[in-house]
Structures are given as C-alpha cells and as structure tokens.
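A.B. asks: Structure below; questions to follow.
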Amino acid sequence: MLKNDKHDIIEKYFNMVYKLALAKTCDANVAEDVTGDVFLKYMQSKKEFESEEHIKAWLIRVTVNCSKSFFSSSWFKKTVPLEETLIAEMPEEESEVYLAVLKLPEKYRVVIHLFYYEDMAVAEISENLGINESTVRSQLKRGREMLRTALKGEFGNV
Amino acid sequence: MFKDIYKRANDAIPTGAAYTRVMNRLEEPKPRRTWGKSFARAAALAACLVFTFSVVSIYESRVKAPDDFVIINAPDEPEITPEATQSTQTDAAIKPSEQAKRPATKQQVAEPKRAEQPVVAMEPVSTNEIKVNDLSVLSQSAASAYSREIIGAVKAVEIGEYREYLGKDIEAAVVLPDGFVNVTEQTAYLTVDEQDEYMSDEWSFIFEKGEAYCEIITTKKTEKIQEYLVGDYEKSVILEKDAVIFAEEDFIRAYAVSSEIGYTVTTVGVELSDAQTLLESILK
C-alpha cells in the first residue's frame, strides 16, 4: 500500500504528468508508460524535497526527460491509433486545436503546453526545464507563429 | 480563445483508466527477498533432498537409452536483436553512391553565422526504396529502459562542442528545398551524470520556411530508434540503410540510424521526395 503522502502527490499531479507526457510523445500508450515510470522514480526516490513546488518541478523535469521524443518499444504489441486514443472524445474545434499543437516540433509543444495548459510563467518554465528564459520565449514565439499559420487565424489569438 | 480551447481539449482527454493501471503497477507487491539466513537454510535443505534423491535414484533406476531424450534444435535463424541489427548496419560496406543529388541548397540563417554551402556534383539515384507507414499506427508503449536515473546536472553545451561529440555537422550536411532558414538553437542544455557523460544527448536542428519546417533530432544513444527499425513497420531503404517512415497529408516522420547516429526527422509541408533528399543528405 502506498504511503498516504506520496499517494496524495500522485493523485494530485497524475493529470499534469500524463498530459505533459502526451504533449511530448503524441502517443497515449507511451505517455501512460512514461507516467508510470515517473511516479515509480518518485516512489523510489530518496531525494529530500523542500516543498510541494519542488516536487512539481521535479516531476515536470523527469517527465520531459523520460519522454524523449517518440522512442518506443516494438515488444509491446498493443497498438492504438493516435486519433482514437487522444481525440475520440473531443468536439471538432478542440480536436483541431489539439492536433495542431501535436504537429509542432517537440520542444515547442512542451513550452506551449506548459504555458497554455498549466498556466506556467516563462520564468517558471525556464526553471522547470532548465533552459534560459530567452530560449523559452523564443520557443513560445515560434510555436505561436506556427499555430497561427496552421489554424489560419481561427480560434482567436494564439 | 486558443488557450480556452486548448484547455478544454486537454480536459476532454480521459485519464481514469490510465490512472487505475498506473496505480496498480505502483502498488504491485515487491518480490520477497531471497537472500539471508532463510535462503541459506532453504538452499541447504534443497541440497540435502537432491542428494538423497540422487542416491536413491542411482541405486534403484537404470540409465535411460539415448533415444528417450528429446533434442530441441536451435532456431534456424538468429533472433533479431537491436544489437545484432546495429552490428549488421555498422559493419555493412557503404558502396559508392550512384544517387541523384541536387546542388546543395544555400541556407540563410536567422543569425548570419554560416558560410554558403558548396555546390556538390550529383549522381543518379538507383538504390533507394521508399515505403511509407500510415501515421495512425504510430502508437506503441514505451520501452522499459527508463530505469536509469534521469536527473543529473544540466550542462550548457555550445553547438560546436555537440558537433564534435556527434562527429557530424548536420547543418552543413543537410540538403533542403530553397528558402528554408536555419533556426537551430546554438546552445542547448543537456543532462550529464557525475562523470560528465551525457544522459540525454539529443539536439534539435530546425529549419523553417513559412508554414513548412524540418526538424532533425540527433542522438548517439540509438537503442530506441533501433526498436523502430526492427518493429513491424514497412521499411524503406535509403543509401542502403533501413529507415521507417510515417506520413499523413503533409506530415512526415522518419527514423533511421547511420554511422552510430540516430535520427528522428519530422517535416511539415515538405514533399516526400524532398524529405527523401533530406534523409539522403544526412545519412551518408
């Protein structure tokens, strides 16, 4: 049985980790495995976390590093089409926007996701990912430009 | 508006089943420890039983005739492993190319740091075989090889240092259609371990042209890309090297390994023939 405090953390941040992994990998099965690995590391970690914010930042960093791109194993045979798993439940408008984000280059997807879905500030993204603020702004800027083009000005300002 | 829609899209993604599976995995009982005094006692008891049984068996039984044993033959073909596949690829002689190559495209950089590309003489293509997989099947579970400790120190790496590490200058080698601009970051933050070895060594080389872009992610840790190359996908052959290519409308993604460098190539708004040219230019 998991300890209550770690269980609470997992319950609280599961969606954050899972959806970040989805944004990074564009693959529901990969994202689920990555999520499991992240929380397994968390359970086994002997690291002393200073605060819950520290835990959150650690989870984000591990998730980004764990889900490096689209690498996956061919020995797990359960294959599910991308569209069925990720956007089956979405209305058309949401699915169009979501797929446009998924088609961005990987590093733009991450900052776009953290900025728009997790409501993280540039400084926070910079600290959590270990990259310069200027790099974050640059990646946000390019990601937005691509989205504006892909979405052809629909769905309001990006 | 975009933010609201993107949030709604993410909120619409079901997570309940995934949560249950992950929690079940985390709560699996740990295997019992098999060392220590209890193991030693059990081993001693087992040894006694085996000895006793052996003595009794030898005394009471007779030796079986050879034809009572069943011989299981080794498989006719060796089992395909990523290591074997990689070994095959790296050992294969690279024959002189007879491909058609386009004149190297002059690349204009956002920050003017690169010299013009020299024009390279071209030869006709005759050995490539392109097969495209449907993007909808690009979905598999992650490898179990995330067991290594991911958190290390973050190190700022200049692109020159990475170029030396990789052993290849991607920006100089890549051939793209006219008009693409190199927007690759010249500094990246990579994770290193206590011995200053890269734990993650991926670099994104990005080229853009209006709505179109090409991204080349390189790594020397090729194990996971090799898994694509031995998986159940249609294989393409580029410069006698295997590649796996997925495509949907104007989106192309390709995986390949060449000279111990793994490549993940993503293009949007690029023709398949131009993507093939791009792959040829970096895989040689």
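A.B. asks: Which one is nearest to B:E164 (Cα to Cα), of the residues in segment B:223-272 that are facing another protein chain (nearest Cβ under 10 Å), among the hydroxyl-bearing types (S, T, Y) and not in a strand (DSSP E or B)?
C.D. replies: Per the criteria, the residue is B:Y228.
A.B. asks: Hey, among the residues in segment B:185-217 that are within 11 Å of chain A (Cβ to nearest Cβ) and of a type in the set (V, I, T), which one's nearest to B:Y162 (Cα to Cα)?
C.D. replies: Ranking the candidates gives B:T187 first.
Residue by residue, here is whether (1) in a loop (DSSP other than H, G, I, E, B); (2) more than 9 Å from every other protein chain (Cβ to nearest Cβ); (3) modelled with pLDDT under 85 holds:
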position: B:V125; (1), (2), (3): yes, yes, yes
position: B:S136; (1), (2), (3): no, no, yes
position: B:S141; (1), (2), (3): yes, no, yes
position: B:E171; (1), (2), (3): no, yes, no
position: B:P177; (1), (2), (3): yes, yes, no
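A.B. asks: Does A:N157 qualify as being modelled with pLDDT under 85, at the interface with another protein chain (Cβ under 7 Å from one of its Cβ atoms) and open to solvent by 50 Å² or more (accessible area, probe 1.4 Å)?
C.D. replies: The answer is yes for A:N157.
A.B. asks: Among the residues of segment B:194-201, is any without any contact (Cβ under 8 Å) to a residue 12 or more places away in the chain, assigned to a loop (DSSP other than H, G, I, E, B) and open to solvent by 50 Å² or more (accessible area, probe 1.4 Å)?
C.D. replies: So far as segment B:194-201 goes, yes, one or more of its residues are without any contact (Cβ under 8 Å) to a residue 12 or more places away in the chain, assigned to a loop (DSSP other than H, G, I, E, B) and open to solvent by 50 Å² or more (accessible area, probe 1.4 Å).
Listed here are the residues, each with its yes/no results for (1) in contact with a Leu (Cβ under 6 Å, 6 or more places away or on another chain); (2) of a type in the set (D, E, K, R).
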| site | (1), (2) |
| --- | --- |
| B:V183 | no, no |
| B:T187 | no, no |
| B:M199 | no, no |
| B:F207 | yes, no |
| B:I216 | no, no |
| B:I225 | no, no |
| B:E249 | no, yes |
| B:E271 | no, yes |
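A.B. asks: Follow-up question, since we're still on this one. Could you please let me know if A:A123 is over 15 Å from the mean Cα position of the chain (by Cα), without any contact (Cβ under 8 Å) to a residue 60 or more places away in the chain, within 19 Å of B:N10 (Cβ to Cβ) and open to solvent by 10 Å² or more (accessible area, probe 1.4 Å)?
C.D. replies: Criteria not met by A:A123.
A.B. asks: What's the number of the only condition in (1) modelled with pLDDT under 90; (2) over 17 Å from B:K220 (Cα atoms); (3) exposed (fewer than 15 other Cβ atoms within 10 Å of the Cβ) that B:A145 fails to meet?
C.D. replies: Tallying (1) modelled with pLDDT under 90; (2) over 17 Å from B:K220 (Cα atoms); (3) exposed (fewer than 15 other Cβ atoms within 10 Å of the Cβ), B:A145 fails exactly one: (2).
A.B. asks: Same structure, new question: Please work out if A:K19 is closer than 21 Å to B:R8 by Cα, assigned to a helix (DSSP H, G or I) and at the interface with chain B (Cβ under 7 Å from one of its Cβ atoms). Show your work before the answer.
C.D. replies: On the way: closer than 21 Å to B:R8 by Cα: yes; assigned to a helix (DSSP H, G or I): yes; at the interface with chain B (Cβ under 7 Å from one of its Cβ atoms): yes.
Criteria met by A:K19.
A.B. asks: Residue check, B:I225 against (1) more than 14 Å from the chain's Cα centre (by Cα); (2) modelled with pLDDT under 90; (3) surrounded by 22 or more Cβ atoms within 10 Å (Cβ to Cβ), all met but one. Which one?
C.D. replies: B:I225 satisfies all of (1) more than 14 Å from the chain's Cα centre (by Cα); (2) modelled with pLDDT under 90; (3) surrounded by 22 or more Cβ atoms within 10 Å (Cβ to Cβ) except (1).
A.B. asks: Can you tell me which residues in segment A:29-41 are within 7 Å of chain B (Cβ to nearest Cβ) and open to solvent by less than 10 Å² (accessible area, probe 1.4 Å)?
C.D. replies: A:V30, A:V34, A:T35, A:G36, A:F39
The values are calculated or read from the model by the stated rules, or taken from the named source; none is laboratory data. As the structure is a prediction and not an experimental result, all values here were calculated from the model. All Cβ positions, even for glycine, are placed from backbone atoms using ideal geometry, and neighbour counts span all protein chains on display. Surface accessibility is based on the protein's heavy atoms, side chains included, excluding ligands, DNA and RNA. Shrake-Rupley method; radii C 1.70, N 1.55, O 1.52, S 1.80 Å.
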